[in-house]
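Every number in this text was worked out from the coordinates using simple rules, so none of it is lab data. This structure is a prediction, so every number in the text was calculated from the model and none was measured. Neighbour counts are summed over all protein chains in view; Cβ atoms, including those assigned to glycine, are modelled from backbone coordinates with ideal geometry.
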Amino acid sequence: MTTTIKVSDELRDRLKEQAARDGLTLGAHLAHLADAEDRRWRLHLLKSAIDASTSDDAGSYSAETEDWERTELTDAS
């Protein structure tokens, strides 16, 4: 299914030029842009969660990470 979206001629031309530069269809380029925005948003949420962490949380995370880094993965085969 296809649909029409209303954008200015200037924006349409920019998007088409970007898509052509990368060898993509306009639809594939728009999907790539949407994926990039989804990723940017997830990283923003992660940064917000990290910023909201207390020093106790950070200490606990550090200790657990150190434990895992010292663990032998002998059962991983």
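Could you order peptides 9-18, 41-50, 24-33, 64-73 by the average number of other Cβ atoms within 10 Å of their residues, highest first?
On the way: 9-18: 11.5, 41-50: 10.0, 24-33: 13.3, 64-73: 8.4.
The densest-packed peptide leads the list: 24-33, 9-18, 41-50, 64-73.
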Problem - Estimated 222 nm signal from helices in the chain, with DSSP H stretches of n ≥ 4 weighted -39500 (n - 2.57), rounded to 500 - result: -25000 deg cm²/dmol
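Eigenvalues of the Cα gyration tensor times 5, then square-rooted: what semi-axes does that give for the chain, in whole angstrom, largest first?
Numbers: eigenvalues 387, 72, 20 Å².
Sorted largest first and rounded, they come to 44, 19, 10 Å.
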Fill in the blank from the handout: Whole-Hz Karplus couplings 3J(HN,Hα) for the stretch 25-31, θ = phi - 60° and coefficients 6.51, -1.76, 1.60, Gly and Pro as x, run 6, 4, x, 5, 5, 5, 5
Exercise for the section: Step through the residues of the stretch 48-58 one at a time and calculate ³J(HN,Hα) from phi using the Karplus curve (6.51 cos²θ - 1.76 cosθ + 1.60, θ = phi - 60°), rounding each to whole Hz and writing x for Gly and Pro. Expected result: 4, 5, 5, 4, 7, 5, 7, 5, 5, 4, 5
